Every structure is written in structure tokens, then in C-alpha cells.
1. For the range 131-145, enumerate the residues that are surrounded by 20 or more Cβ atoms within 10 Å (Cβ to Cβ) and part of a strand (DSSP E or B).
2. Being closer than 30 Å to residue 288 by Cβ and either at pLDDT below 95 or of a type in the set (Lys, Arg) (or both) narrows it down to one of 336, 329, so name that one.
3. Please go through (1) without any contact (Cβ under 8 Å) to a residue 24 or more places away in the chain; (2) under 20 Å from residue 129 (Cα atoms) for residue 433 and return the number of the only condition it doesn't satisfy.
4. Would you mind finding the one in 176, 116, 130, 187 that is of a type in the set (D, E, K, R) and within 14 Å of the ligand (Cβ to nearest atom)?
5. State all residues of the range 31-47 that are open to solvent by 10 Å² or more (accessible area, probe 1.4 Å) and of a type outside the set (S, T, N, Q); if no residue qualifies, say none.
6. Which of (1) within 30 Å of residue 82 (Cβ to Cβ); (2) touching a helix residue (DSSP H, G or I) at 6+ places or on another chain (Cβ under 6 Å); (3) of a type in the set (Val, Ile, Thr) does residue 264 not meet, given it meets every other one?
7. Take the conditions polar (S, T, N, Q) and either assigned to a strand (DSSP E or B) or out of contact with any Lys or Arg (no Cβ under 7 Å at 6 or more places or on another chain) (or both) and apply them to residue 280. Does it pass?
8. Can you name the condition, by its number, that residue 291 falls short on among (1) open to solvent by 80 Å² or more (accessible area, probe 1.4 Å); (2) of a type in the set (Lys, Arg); (3) more than 16 Å from the ligand (Cβ to nearest atom)?
Amino acid sequence: MIPANHFGAIMNKNSAHGARDIRVAVIGAGMSGILTGIRLLEAGIRNFVIYEKAATLGGTWRENSYPGLSCDVPSHHYVYTFEPNPEWSHMFSPGPEIRAYFERAADKYGVAPYIRYNKQVVAAEFGDDRWHLKFADGSEDDATVVIAATGVLHHPVYPDIEGLGRFAGPCFHSARWDHSVSLEGKRVGIIGTGSTAIQIVTGLVDKVAHLDLFQRTAQWVLPYPNEPYSEEQKAEFRANPDKMTEMFWHMAEQFNSSFARAVIGDQTQMARIEQRCRMNLEHNVHDPELRRKLTPDYKVACKRLIMSDTFYAAIQRPNAALVTAGIERIEAKGVRTRDGVLHELDALVLATGFDGHRFMRDINISGQDGLKLNDAWSQSLEAYRCLAVPRFPNFFMLIGPNSPIGNFSLILIAEMQVDYILKLIARIRAGECRALAPSVEATQYFNAALREAMKDTVWVSGCRSWYLDTNGTPVTWPWSFERFKDDMREPQWAEYELLA
Ligand code: N01
């Protein structure tokens, strides 16, 4: 906690203007945007709109539709805390079920009518105590408060490989799956070995004639069985929803006291996870040469840990091959590796990940005195407690920079962030200030502490990952779940500048 007298510059003019009707613009109708709508309605705020650039809702669960798609967080933990779902088919349910869950929640909680589809925000400018929004279709709107619920893994990364455009067959990114292309009985190449590629391999291997997985870096794989829920179990959940709530918090407790502690430096927890990964390799990959190729040379969980009990079996199928020679270039007929071999292919899938640091930066966002967000973030993505930026008053982010994306369930994080932001909004609504933003000093203090704490985390232990920014600093959360919960409990008002 920063002492209140740390800031000379805090304006803190709490002059009462009387209650105000405020208008809130939410950007994005994915998990966190829908959640924001639910919470705004609960708070009695009806003057809001959710702008969604696509024609449907669902965020990541709309964008990703590849074969084998599921969530690597157990389904009974990947829910809003207030909306358990007795119908989950599996421990880790498939993507379409998750998307349907969010669609149902938007309907059930009355958020759907507030969503405006095909409305891509291209600019947001703060002036006269309001945000002026511009859209790709040329229209405009004003709002008192803007909440960016635009997600993290949203901007596909295309690999910089020579000849990519020369491939004669269909070639698409995993998040832009071309369902018009049948891969049945075809020779398919997959570039990348992240969580996405691993799920695709399992989802595709039985359907294709041959599958080549092009690996640049081996991955640690934690085996997690994906059992289906029986009809009896579902009936029990329906009859007793408290059971699901209990499960949710039990899973949170288990996860937060093991994995979430391991990644921030708990060596005992890390040793347990590492042992499970090593045993998985040892027991489930039979050929010593393949095992060698699949053995990473960096610490477990330095990259995002893969959860799968099907990948090793899938890659050992007779029609699958792990290619580790390194890609030289792509040619019309396939992928040429550095050993000179041409791997002939009918289709190529780029499971090459996302730019997790672009956030909502494609929108031209200007705060006080015309300061551009992209200029404020030109050196590093510095946010205040992951959700606000100095000199961008009444602009808040969900799952913004340094949110615990690699630590805990994202939905729980978003819930805590929304509740915190609503407390900020309550102050504006009560007329105690026209606008508010975190101070520069508080933001610098927070980010200096983040950088210091990062030194103990596994993400800096020597691997390439999408957690790292261009300076090599992880853009995630280096502390415990309890610390995050404490941080989000109440706004630290002394760290804000209130514009009277
Ligand atoms: O992306 P990634 P992802 N030549 O960045 C390789 C979440 N997720 O889409 O490791 C060759 O992890 C790259 O190689 P390397 C989850 O948080 C969640 O798989 O950099 N290869 C790597 O293997 C996950 O972490 C679920 O050497 C190239 C791969 O592409 C995040 O999404 C499901 C290359 C990219 O892996 C991203 O996962 C799926 C090149 N030029 C995903 N460029 C859930 O279940 C890149 N690569 C919730």
C-alpha cells in the first residue's frame, strides 16, 4: 500500500455535484463484456451499450472454432460464480458448449438487447468530460465511461516464414478456421506446438490421411483426464446447484494453492508439477528418440503449460509425425525443412498464436490533452492495477496489462475487476467527481513493484513465450491470488485523481 501523502499532485476535490445519469460504453461482447452488462444492470445502470465489432457474441469462443477446441480450465470452474451450469458434458467441455453458455447468460440476464453488433470502435477521444467514440461505419456516440472488454488473445500472429503466400492449398490461422475446407483424408501440416496446436492434433488425427506437426520448441504437457459427466451427475447438479458452487471454490482453492503458487516461485509446488510432466513423458511416449524430441529444455510452466492426456497418444499414431528439423521455407507443394526434405501437404494450419500485447490498441484512444494511449505505452504497457491508465479518465480495462492471465481462472479475475470498476463508477454517478484516473505516481509505483516481483517468477527463467513483451518482461501477475483479491477489494482512493 502506498502512503496517502506519497502524492503531492492528487487533486482529490470531492465537491458534490449531485447524482448524475451516466452513460457507459462497453467495447466487446465476450466473456468480460457480457459480465459487465450483467453487473451494470444489477447496479441499476440502464444507460449503457455494448459495442461488438462482429455479428455475434462470444469473444474467444466465437473466434476459435478449430477441431478439438476446449478450455483447459475445468468447466465447473470456467463459469460466472453466479451462474453455475449443470449441463457441462465433460470435465473440460468443448468450445461450442462454452460459447452457448455465454449466449445463454447474455439472454438470461437481459444483456442481449444492449449489444450493438457490427459496430467496430475505431477511435475514442476524451474531451469535455466525455468520451467521443467513432465507429468504422462512420457513426459516432458519446459516453461518460468507457470499459474496454476486448480480450487478450484476439489478434492472430502469422509467422514470418519465407514463401508462406506460395502454398498452393488452403492455409489458415487456427483462429480463422476455414470450415469450407474438408480435411478428411488429406495430408495436413500444423505449424506450432502451443495449447491450440496440441488440441488440434488430437481433434484432427483420426480424420486426416497424414498429419505433420512442425515443432520449433517442445512443450511440457500435464496429463489431465477429460471425463464425461454422466446423466446422473448432471441430474444431481440440477437438483443441488450448491454442489456446483462448492466445486467451483474447491477447484479455485486447489489451483490457487498449487499451480498459481508454483509460477510465482514456490519451488515445492513446481517440483510436483514437473514430476508429473516428466512421468507423463516417460510413461506415455515409448520411442526414446521421440521422447527426446518432445522433452523441453526449459522449466515447466515457463511457457503456458499444456493440459492434455490425449496429445502423446495422438502424435504416436501411425499417420502422425513430429517434425523438428526446422522450417526452411514454404513452397507450393508443402513445407521444406532445413534438412532438405519437402513435406508435401494438402492443407496448412498456422497455430502460431496471438499478439497478447495489442489489447485494444488498434483503436485510436486519446486521453487528457490529446495523449495517445499508444504513445503512453510506447515503451511498456503500464497500467494501474491492470485496469486503468493515468490521464485516461473514466477509461477502464478488463483483463488489461498484467492481469493474472497465466495464473488463475480468467472469469473470476474479470468478476473482481468489474466489481472494482463499478465502485469507481459509483463515485462518478454520485456526482462526487466528473471523472477519475489513477495518478502517474501510483501507476509508476505499482509497475516498479511488478517488475521487481517478476524476478522470482518462472516466466523469466529462460524461454520464449507470449507472456513476454518486447523488453522480455512478462505481462502477467507475479503475486498470489490473495494479493489480487486484496487489491480488488476496495479502490485505493488516495491513488486516484478525481476531476471535480
Ligand atoms: O499460441 P502459442 P496458442 N515458426 O503462442 C509456434 C490460450 N489457449 O494459440 O514455442 C515455427 O502458445 C511457437 O513456437 P515457439 C492459452 O493461454 C487456451 O497455441 O515460439 N513455429 C508455438 O509453438 C495459450 O497459451 C486454450 O518456438 C512458430 C506456437 O507457434 C494461448 O491461448 C486453448 C513460428 C504458438 O503457440 C496461445 O496458444 C488454446 C514460426 N515462425 C489456447 N511462430 C484453452 O483451453 C510461432 N510458432 C482456454
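1. Within the range 131-145, the first condition is being surrounded by 20 or more Cβ atoms within 10 Å (Cβ to Cβ), and the residues that meet it are 131, 133, 143-145.
Scanning the range 131-145 gives 131, 133, 143, 145.
2. Numbers: 329 fails: closer than 30 Å to residue 288 by Cβ.
Of 336, 329, the one residue that is closer than 30 Å to residue 288 by Cβ and either at pLDDT below 95 or of a type in the set (Lys, Arg) (or both) is 336.
3. Checking residue 433 against (1) without any contact (Cβ under 8 Å) to a residue 24 or more places away in the chain; (2) under 20 Å from residue 129 (Cα atoms), the one that fails is (1).
4. Working: 116 fails: within 14 Å of the ligand (Cβ to nearest atom); 130 fails: within 14 Å of the ligand (Cβ to nearest atom); 187 fails: within 14 Å of the ligand (Cβ to nearest atom).
That would be 176, the only listed residue that is of a type in the set (D, E, K, R) and within 14 Å of the ligand (Cβ to nearest atom).
5. Of everything in the range 31-47, those that are open to solvent by 10 Å² or more (accessible area, probe 1.4 Å) and of a type outside the set (S, T, N, Q) turn out to be 31, 39, 41, 42, 43, 44, 46.
6. Tallying (1) within 30 Å of residue 82 (Cβ to Cβ); (2) touching a helix residue (DSSP H, G or I) at 6+ places or on another chain (Cβ under 6 Å); (3) of a type in the set (Val, Ile, Thr), residue 264 fails exactly one: (2).
7. Values: polar (S, T, N, Q): yes; either assigned to a strand (DSSP E or B) or out of contact with any Lys or Arg (no Cβ under 7 Å at 6 or more places or on another chain) (or both): yes.
So residue 280 fits the description; yes.
8. (1)
The values are calculated or read from the model by the stated rules, or taken from the named source; none is laboratory data. This is a predicted model, so every value here is computed, not measured. Because the Cβ atoms are built from the backbone with ideal geometry, glycine has one as well, and the counts that use them run over all protein chains shown. All accessible areas refer to the heavy atoms of the entire protein, side chains included, with ligands and DNA or RNA removed. Shrake-Rupley method; radii C 1.70, N 1.55, O 1.52, S 1.80 Å.
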